[in-house]
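Structure, as structure tokens:
The values are calculated or read from the model by the stated rules, or taken from the named source; none is laboratory data. Nothing here was measured: the structure is a model prediction, and the numbers come from that model. Because the Cβ atoms are built from the backbone with ideal geometry, glycine has one as well, and the counts that use them run over all protein chains shown. Protein only, heavy atoms only, side chains kept; ligands, DNA and RNA dropped before computing areas. Shrake-Rupley method; radii C 1.70, N 1.55, O 1.52, S 1.80 Å.
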Amino acid sequence: MMTDRDNDENAPNARSKSSPNAGEAKQRQRVLGERLREMFEDVVNEPIPDDFLKLLEQADEKAANTDDKSE
Amino acid sequence: MSLVEDLGPHLPYLRRYARALTGAQKSGDAYVRAALEAIAAGSQAVESSMGPRVGLYRLFHVIWSSATSPNDRGDDDGSQSPDPEARIRRIPPLSRQSFLLTAVEGFSNAEAAAVMDVSEDELAKLIVAAQREIEDELATEVLIIEDEPIIAVDIEHLVKSMGHDVTAIAATRTEAVTAARSRRPGLVLADIQLADGSSGIDAVADILDEFDVPVIFITAYPERLLTGERLEPAFLISKPFLPDMVKAAIGQALFFHPRAAHVA
């Protein structure tokens, strides 16, 4: 379905171009997103840096200490 | 539940998001680390009314946006590098986030809006703006190989509506090769069965012998490509086609093709 409404005159190349609506934009981005997830698969699968979980443990310990004191 | 149990499982995905957002694992990790340090120091708390994952990304967002200017284009060095990660970084920050949070991280619009602390309306506008940026960036010149005039005009209209130029419409293998030589396209859309009995597959093979270009086949005979031709195209669309499918395929082919030509 083609729409010629809201041509963006400020766009660098305003030929017969029509801006995508929100639904079209999401649909086209979903396709890109799938490919990007494949591209970043290694990042998700590799172990996270050691200090990341340690920082969360610290936060947990701190919270536990605070709870003890408040009791 | 502890923070380790609540947030730990989401950290690999937050690292992915931070990497895509900043363009490098090292700087991405630095922001993730800063967010976790803020939690450990008690200066930031995870607001988990929409679940721990939204809360974690939201906190990351606060840290990241306080450290970057609204006009920042990530680690982009200003070159027009065609690799997909550089393309992502050329999207302005807020639109870039809306795109990555929904399309890559899989958040709903409501969740992404909560992460970014904007309304859903604003989020939808950012997503449209991101799409406009992506398509402006990918604008190129397209060779259409198609022997049926009505379909050729349909495809031409569709291609132009995305901001591309059409270099030529070729109806035969010979015409296609001649057209590609006289004006090198940044994308080829090819039918398979052509007017004079020649093949769009052969035309594309001839063109690819001379230079690298992304190709999308649009054909009523998809099986001809699937049964043992030497080409193995990533993009194959069956006729009759849905315009949205063709547009999505064009976006994907250009976004991920290493040498897609950019028309300045």
At a 1.4 Å probe radius, carbon and sulfur cover how many percent of the accessible area of segment B:45-163? 51
Summing -39500 (n - 2.57) over every DSSP H run of at least 4 in chain B, dividing by its residue total and rounding to the nearest 500, the 222 nm mean residue ellipticity is -16500 deg cm²/dmol
Any idea which of B:Met245, B:Ile134, B:Ser199 is furthest toward the positive side of the dipole for chain B, if Lys and Arg beta-carbons carry +1 and Asp and Glu beta-carbons -1? B:Ile134
With 25 Å as the cut-off, how large is the P(r) tail for chain B, expressed as percent of Cα-Cα pairs? 52
Cβ-placed point charges (K, R +1; D, E -1), dipole of segment B:111-207 about Cα centre in debye, nearest 20: 480
Cα-centre dipole for chain B with unit charges at Cβ (Lys and Arg positive, Asp and Glu negative), debye to 20: 640
Charge dipole magnitude, Cβ of K and R +1, D and E -1 - segment B:118-175, Cα centre, debye nearest 20: 60
DSSP-defined antiparallel bridges as percent of all bridges, chain B, nearest 5: 5
Just to be sure I understand: with springs between alpha-carbon atoms less than 10 Å apart, which residue in B:Ala195, B:Ala171, B:Ala248 has the highest mean-square fluctuation in the Gaussian network model of chain B? B:Ala248
10 Å Cβ neighbours from other chains, averaged over peptide B:153-160: 1
Roughly how crowded by other chains is peptide B:16-29, in terms of the mean Cβ count from those chains within 10 Å of each of its Cβ atoms? 2
Residue mean of other protein chain beta carbons inside 10 Å, B:135-141: 3
Between A and B, buried accessible area summed over both sides at probe 1.4 Å, in Å² to the nearest 100? 4800
Charge-dipole axis of chain B as Lys and Arg at +1 and Asp and Glu at -1 on Cβ define it, positive-most pick from B:Phe255, B:Ser27, B:Val215: B:Ser27
